[in-house]
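These notes concern the structure reproduced below.
No lab work stands behind these numbers, since they all come straight from the coordinates. This one's a predicted model, so the numbers in the text were calculated from it and none came from an experiment. FYI the Cβ positions are ideal-geometry reconstructions off the backbone, even for glycines, and counts take in every protein chain you see.
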Amino acid sequence: MKMPERIRLANLPTKIEKLERLSQELGKNIWIKRDDQTGMEVSGNKVRKLEFAAKEALDRGCNHLITCGGIQSNHARATAAVAAKLGMGCTLVLRGEDKEDREGNLFLETLMGAQVVFVTPEEFENSLDEIMEGLKAQIDLDGKKGYILPIGASNGIGSFGYLNAYNEIAAQEKELGFKFDAIVATVGSGGTFAGLYAGNRMDGGMRDVLGINISSTAEYFRERVVELLKEMKGYMEIPFEIEKEDINIIDGYPGLGYALSRDEELQFIKWLARLEGLVLDPVYTGKAMYGLVQEIKAGNLDKYGNILFIHTGGIFGWTREVRGRI
Ligand SMILES: Cc1ncc(COP(=O)(O)O)c(C=O)c1O
């Protein structure tokens, strides 16, 4: 069983550390894997996926990456950085309106030379594939060769980034001398969860992989993860049957919806920042960690002694607007 090849872009392995003070508060061992430190421009979970997706693009002779996301998409910024690093062009389709004073991820994408196309939420919802295909057709006509990455680089090839991360965790557990009972990840487009889930199953299902969705519903993501796992099977023999019912995604924490923060989430992030010197992001990891702590407090995760939370990054998502509410 051989994984597809990757190019090396991320600072790996990322460290695993115990959140001592949070563990004391909760009476349970909480550990964190610092995937927010995979890099700076290419930080967070996206770069792990891009290591595989960009390799596929290069192998296919492509020299221009096209992808999409929300106006402050971490994935779009990481793709812009990878494209620049590899000498490729980059076009980003973003949901929302341009701002005179671009900030956060949008600023960085501009700085790194990506071309940004703004679309309305309706266009993004209803005709994203056509828009990206249209841009690719134009790019190809211009004599370049485009490669389309889906939202969050969550497709079969991208998900291998987190199968790889699972193997990294398993190696780190050997050094630590114990196994985590549960690995918890934020679910935004599903690829991170799919890769971790595949890794765990191929390792004999040693523990539970739990996802916490920060948008949409757990039911939607259970189906999405099954699709992603099937796509992964197209690249590598993955010797297990996939049942939607085995996919453990905890619903209840999208709050007001994608990229919209409730005061209690922001206050939680501030509390944790002061408790642990650890900064989560408001869109993804802040909501998911908030959910994890609520679940622990409610006694729903009593069977797990050691829980590993993946910090998937997102620091540039602290836009002026959210900062102003803290
Ligand atoms: C910082 C951060 N964490 C978590 C996620 C969710 O990961 P995935 O899209 O693989 O579900 C994303 C992107 O969606 C992200 O940018």
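Less than 13 Å from a label point 7 Å out along the Cα-to-Cβ axis of residue 60: which backbone N atoms in the stretch 95-135 qualify, by residue?
133
Compute the long axis of helix 121-141 from its Cα atoms, compare it with the longest principal axis of the Cα atoms of the chain, and write down the angle in degrees, 0 to 90, nearest 10.
For helix 121-141, the angle is close to 50 degrees.
What is the chain's relative contact order, in percent, from Cα pairs under 8 angstrom and six or more apart in sequence?
Computed over the chain, the figure is 21 percent.
Residue 28 to residue 141: FRET efficiency via 1/(1 + (r/R0)^6), r the Cβ-Cβ distance, R0 45 Å, to the nearest 0.05?
For residue 28 and residue 141, the calculated efficiency is 0.20.
What is the magnitude of the charge dipole of the stretch 46-153 about its Cα centre, with +1 placed on the Cβ of each Lys and Arg, -1 on the Cβ of each Asp and Glu, and no other charges, expressed in debye to the nearest 20?
Roughly 640 debye, rounded to the nearest 20.
Give 55/144; 49/233; 28/297; 33/85 a once-over and call out the pairs whose C-alpha atoms are over 21 Å from each other.
33/85
Mind ordering 274-286, 295-307, 140-152 by average Cβ neighbours within 10 Å, highest first?
Going by the mean number of other Cβ atoms within 10 Å, highest first, we get 274-286, 140-152, 295-307.
Under the definition of Cα pairs under 8 Å and six or more residues apart, what whole-number percent is the relative contact order of the stretch 46-153?
Over the stretch 46-153, the number comes to 36 percent.
Just order 80-86, 212-218 by mean Cβ neighbour count inside 10 Å, highest at the front, would you?
Result, highest mean Cβ count within 10 Å first: 80-86, 212-218.
Out of 153, 47, 116, whose Cα points farthest toward the positive end of the dipole of the stretch 46-153 (charges: +1 Lys, Arg; -1 Asp, Glu; placed on Cβ)?
Farthest along the dipole direction, towards plus: 47.
What FRET efficiency, computed as 1/(1 + (r/R0)^6) with R0 = 30 Å and r the Cβ-Cβ distance, is obtained for residue 297 and residue 258, rounded to the nearest 0.05? Kindly include the intermediate steps, with their values, before the conclusion.
Values: r = 25 Å, r/R0 = 0.83.
So, using R0 = 30 Å, E works out to roughly 0.75.
Between helix 218-233 and the chain, what is the angle of the helix's C-alpha long axis to the longest principal axis, kept within 0 to 90° and rounded to the nearest 10?
Once rounded, one gets 70 degrees.
Could you please rank 118, 221, 240, 268, placing first whichever residue has the fewest other Cβ atoms within 10 Å of its Cβ?
Least crowded to most crowded, the residues run 240, 118, 268, 221.
Could you work out how far apart the two model spin labels at residue 15 and residue 275 are, taking each label as a point 7 Å from the Cα in the direction of the beta carbon, and quote it in nm?
Each label point lies 7 Å from its Cα, and together they span 2.1 nm.
Once the Cα atoms of helix 46-59 and of the chain are each reduced to a long axis, what angle between those two axes, in degrees from 0 to 90 to the nearest 10, is obtained?
40
Out of the stretch 135-242, which GluC sites (Glu not before Pro) are coil in DSSP terms and have no more than 11 other C-beta atoms within 10 Å?
Taking the stretch 135-242 and a limit of 11 other Cβ atoms within 10 Å, the loop GluC sites (Glu not before Pro) found are 237, 241.
With only Lys, Arg, Asp and Glu charged, each at its Cβ (+1 for the first two, -1 for the last two), find how big the charge dipole of the stretch 206-326 is about the Cα centre; round to the nearest 20 debye.
Value, rounded to 20: 600 debye.
How big is the dipole moment of the chain about its Cα centre under a simple scheme where the beta carbon of each Lys and Arg is +1, that of each Asp and Glu is -1, and everything else is neutral? Debye, nearest 20, please.
For this selection, approximately 940 debye.
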